[in-house]
Amino acid sequence: MAENLAAIIDHTLLKPEASEADIQKLCLEAKDHQFKSVCINPAWVKYASDLLANTGVAVCTVVGFPLGANTSQIKVQEAQAAIKDGASEIDMVLNIGRLKSEDFAYVYDDIAGVVKACQGQALVKVIIEACLLDKNEKVRACEIAKRAGADFVKTSTGFSIGGATVEDVKLMRATVGPDMGVKASGGIRSLEDAQDMVQAGASRLGASSGVEIISQS
C-alpha cells in the first residue's frame, strides 16, 4: 500500500522561505520513498534535477503560481525555462479572473499555449483553484483544460482559501472522464485523507506530508 501510494505522490515544498537545505531534504526523501515527483518553485528546478538524476523521481514545478494572473506569454516562458532546467511536469494556474468573466477563449488559449510549449517534454497539470469557483465554473474549467490538451486537472494551489475536497475531486473526475489525470492537492495530511482522495477519483496527490502519509500505511 505504501509503495502504491508513494508512486502517485508529488512531494511538495512551495513555501517562499524554503532554503537550499530544505529542498535537498525534500529530494532525498523523495528518492528514499520513491515518490512520483518533487513539486518545487522554478528557481530550484535545476538544483533538484541535478540531485535527482537517475533516481526515477521526476521534477515538477509551477507556472503562473499562485494567482494564475500572469500573462500567457510569461506562462509559456516560465514553462520553457523550467523544461530547460530539467522539469518534466508543469503545474500551471489557469486565469481565474478570466474564467469568472466568462472569457473562455482566453482561458483556452492560456492553457493551450503552455501545453504546446511542453509538448513531448513535460506533462501539464492545470490548477483550477476550485475553492474560488462555483460548480458550473469548476466544470467549465475542467472541460476547457481537457479540450486544450492538458494531461491533468488539479484542485488547488494550497495558497488560497481552501484545498482539495472529496466533492471537488468527484466532480472533476466525472467531468474529465476516466482517462485524464486528476490531482488532489492542498490539505492532504493523513493516510485517510489520501485514501479518500484516491477513492474519489484522484490519480495523483500533491502533499507536503508525503512521508507522514506513507508511514501510516
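The values are calculated or read from the model by the stated rules, or taken from the named source; none is laboratory data. Computed from a prediction, not measured in an experiment: that's the story for all the values here. Using ideal geometry, Cβ is built from the backbone for each residue, glycine included, and neighbour counts are taken over all protein chains shown. Keep in mind that these areas ignore ligands, DNA and RNA; they rest on the heavy atoms of the full protein, side chains included. Shrake-Rupley method; radii C 1.70, N 1.55, O 1.52, S 1.80 Å.
Mind checking which lysines have their Cα closer than 25 Å to the Cα of Lys138? Skip sequence neighbours fewer than 8 apart in that chain. Counting by Cα, and skipping residues close in sequence, Lys138 has these lysines nearby: Lys75, Lys100, Lys116, Lys125, Lys146, Lys154, Lys170, Lys183. Each of Ala69, Val45, Leu28 was placed along the dipole of the range 5-215 (beta-carbon charges, centred on the mean Cα), and the one lying farthest toward the positive end is Ala69.
Averaged over residues, the count of other Cβ atoms within 10 Å places the peptides 34-42, 69-77 in the sequence 34-42, 69-77, highest first. Inter-part distance, the range 76-112 to the range 5-64, computed on C-alpha centroids, equals 21 Å.
Most tightly packed first, judged by the mean number of other beta-carbon atoms within 10 Å of their residues, the peptides 25-32, 82-89 read 82-89, 25-32. Count Lys and Arg as plus one, Asp and Glu as minus one, and take only other residues whose Cβ is under 12 Å from that of Val166; the net charge is then -3. Couplings for the range 152-159, taken from phi via the Karplus curve 6.51 cos²θ - 1.76 cosθ + 1.60 with θ = phi - 60°, read 9, 10, 10, 5, 7, 7, x, 10 Hz in order; Gly and Pro are left as x.
The modelled label-to-label distance for the pair Gln216/Ser19, using points 7 Å beyond Cα in the direction of Cβ, is 2.9 nm. Taken per residue, the accessible surface of the range 29-146 reaches 44 Å², heavy atoms only and a 1.4 Å probe. Tally Lys/Arg at +1 and Asp/Glu at -1 over every other residue whose Cβ is under 10 Å from the Cβ of Asp10; what's the total? Around Asp10, the surrounding residues sum to +3.
In a fully extended conformation the segment linking Lys170 and Ser101 would gain 22.3 nm over its present Cα-Cα distance, using 0.36 nm per residue.
What a 1.4 Å probe finds exposed on the range 18-130 is 50% carbon and sulfur by accessible area, rounded to a whole percent.
Relative contact order of the chain: 18 percent, from C-alpha pairs under 8 Å at least 6 residues apart in sequence. Would you work out if the range 102-217 is rounded, prolate or oblate? Take a ≥ b ≥ c from the square roots of the eigenvalues of the alpha-carbon gyration tensor; rounded if a/c is under 1.5, else prolate when a/b is larger than b/c, oblate otherwise. The shape class here is prolate. Modelled spin labels at Leu67 and Lys135, positioned 7 Å past Cα toward Cβ, are 3.1 nm from each other. Summarising the amide proton neighbourhood of Val62: residues at separation of 5 or more, or on other chains, whose placed amide H is nearer than 5 Å comprise Ile40, Asp91.
Tell me the net charge near Leu99. Cut-off is 12 Å between Cβ atoms, Leu99 excluded, with +1 for each Lys or Arg and -1 for each Asp or Glu.
-3
Spin-label model, Ala81 to Asp109: label points 7 Å out along the Cα-to-beta-carbon direction sit 2.3 nm apart.
For Glu192 and Lys116, the FRET efficiency from 1/(1 + (r/R0)^6), where r spans their Cβ atoms and R0 equals 35 Å, is about 0.35.
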